[in-house]
Each structure stands twice: as structure tokens, then as C-alpha cells.
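Here the structure is laid out as C-alpha cells; the discussion comes afterwards.
The values are calculated or read from the model by the stated rules, or taken from the named source; none is laboratory data. Being a predicted model, the structure only gives us computed values, none of them experimental. Counting neighbours? That spans all protein chains shown, and the Cβs are built from the backbone with ideal geometry, glycine included. What goes into the accessible areas is simple: the full protein's heavy atoms, side chains included, and nothing from ligands, DNA or RNA. Shrake-Rupley method; radii C 1.70, N 1.55, O 1.52, S 1.80 Å.
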Amino acid sequence: MAAKTKTDITLYTVGTPNGIKASILLEELGLEYKVYNIKMMENEQKEPWFLEINPNGRIPAITDTFTDGEKIRVFESGAILEYLVDRYDPDHKVSYPRGSREHWETTSWLMWQMGGLGPMQGQANHFKRYAPETIEYGINRYVNETRRLYRTMDTHLSKSTSGFLVGDRVTIADISCWGWVAAHKWAGVDLDEFPHLEKWLYKLLERPGFEAGRNVPSRHTAFDNNKLSEAEIEAKAASSKAWVQAGMKDDAKN
């Protein structure tokens, strides 16, 4: 195994679909980095010291020593992915030259995930698992939109000769989407109707970078959840429901 490239990167994260994007890419690039496991249930992400790193009070975020020798912060998972490949992937191991056709295709899928798949599946999770009352319209709206987005990926992947979203290699397009698709059952979506997407999901899982990165900062449990019954998932979600509702109330005050 090749030695990792030393960096000054510190990753502030939790093992969510957004959180594991950064750690998967860091592992795929073979970078050495420090990890700070944010105590979400204690609202550490709202503390002043962390708001200096991410004013939005969310994970993931990173700090690094920039090319001018000064500290840089990067927040929002998509921005972190772009920063890491721009700075640490000069040989385009998981990227394409900036300005190329493939670069813009990758950027398009990244924006698609940031603006569509993540928010829609996140809302599906909320209405299906965390809302204080059952609102069928909200559940149907967001679960069905998540299914539509999965179908978009499945149709695209059916035409891919490599099995990746863009060109002949894994890119941040794949990395940005992977954690969300891995957590499909939590959002109430089955992959049986999306065979190309399911094949893509498990193909990427075979990569050492995905296997290592998905388990940062703690063991990745999405595939465990996918084996649970609906009743078991509901019981597991119940433990977080009160925290989610309390967080919404706190956010409304600010």
C-alpha cells in the first residue's frame, strides 16, 4: 500500500450521506488527514468555534493550510469535493482537466446532487422518519421525487460503458451521490426497480477508498439499516425524532 500524502487537512464530520463524501474522496486521493467527530446530538456544530469554520453550523467542513501559507476553511460538501480535486488531484486520478467536456459533465452531476438528490431525499427522510405527525402529502411528494431522481441516475448509468457517472473513472459525481443511494431504505425507496443504480452502488463499495472513507468518523450503518423491517427502522428513528424537532425550534429562534 502506497504511503499517504501528508497534508494539514482537518475534517470536521459525522457519518451522514453528506459527511462521508469528503472522507471517501480523501481516501481515494490517498491523503493523510485529521478527523474531528462533531458531537451533533450535543449541538457542537452550533458552538462559536465551529461557526468560525462553517457559519452555517453544518457538517462537513475542512480546514487546511492554503498555498499562501495561511489557514483556509472550506464548507459545503460539494465545495470541499471541488477544492480537494482542484488542489490534490493534479494527475486526475478521480477528475478531469478543468474546462474539459468531462469536467463540466462532472460538475453538472455534482450540482444535480447538491440541488436535487440530497435536498429531496433529506426531506423524504424528514417527513417519513422525523415529522411529529404523519403528513401523507409530504411523504409522497419527497419519496416520489427521490424515486424520480434515482430513475434519472439509473437511466444514465444504463448507457454508461464504464459503470461510472462520467467517462471512464470514478469522480466526485459518483462520490457525492453514493452515500445518499446507500441510505435508500431510510428514505422509503427500494432499489429493485433501479438495477443499474444498484449495480453502481455495490461496484463502488468494492473500492478500498469507499470502504475506508464510508466508515469515517464511525462505522457506516446504512447497509445494516437496509436489512431492517419498516417497524425496526421506525423504532430506530424514534430515538432521534425529539432531537430533530428541538433543533428546528432552536433554528426558528435565530
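Going residue by residue through segment 38-55, is there one that turns out to be without any contact (Cβ under 8 Å) to a residue 40 or more places away in the chain, farther than 22 Å from Ile172 by Cα and aromatic (Phe, Trp, Tyr)?
The answer is yes; a qualifying residue exists.
Name the residues in segment 171-189 that are among the β-branched types (Val, Ile, Thr) and touching a Ser or Thr at 6+ places or on another chain (Cβ under 9 Å), would you? Please lay out each step first, then the result.
Applying the first criterion (among the β-branched types (Val, Ile, Thr)) to segment 171-189 yields 171-172, 175, 181, 189.
Result: Thr171, Ile172, Val189.
Could you grab me the full set of residues in segment 199-251 that are among the aromatic types (Phe, Trp, Tyr) and surrounded by 15 or more Cβ atoms within 10 Å (Cβ to Cβ)?
Trp200, Phe210
Here are Glu52, Glu32, Glu47, Glu42: which of them is farther than 22 Å from Gly247 by Cα and either of a type in the set (D, E, K, R) or open to solvent by 20 Å² or more (accessible area, probe 1.4 Å) (or both)?
After ruling out the rest, the residue left standing is Glu32.
Tally time: how many residues in segment 125-163 are under 22 Å from Leu110 (Cα atoms) and either of a type in the set (Gly, Ala, Ser) or surrounded by fewer than 18 Cβ atoms within 10 Å (Cβ to Cβ) (or both)?
Residues that pass the stated criteria total 13.
When you look at Leu205, is it modelled with pLDDT of 95 or more, in contact with a helix residue (DSSP H, G or I) (Cβ under 6 Å, 6 or more places away or on another chain) and on the phi < 0 side of the Ramachandran plot, yes or no?
no
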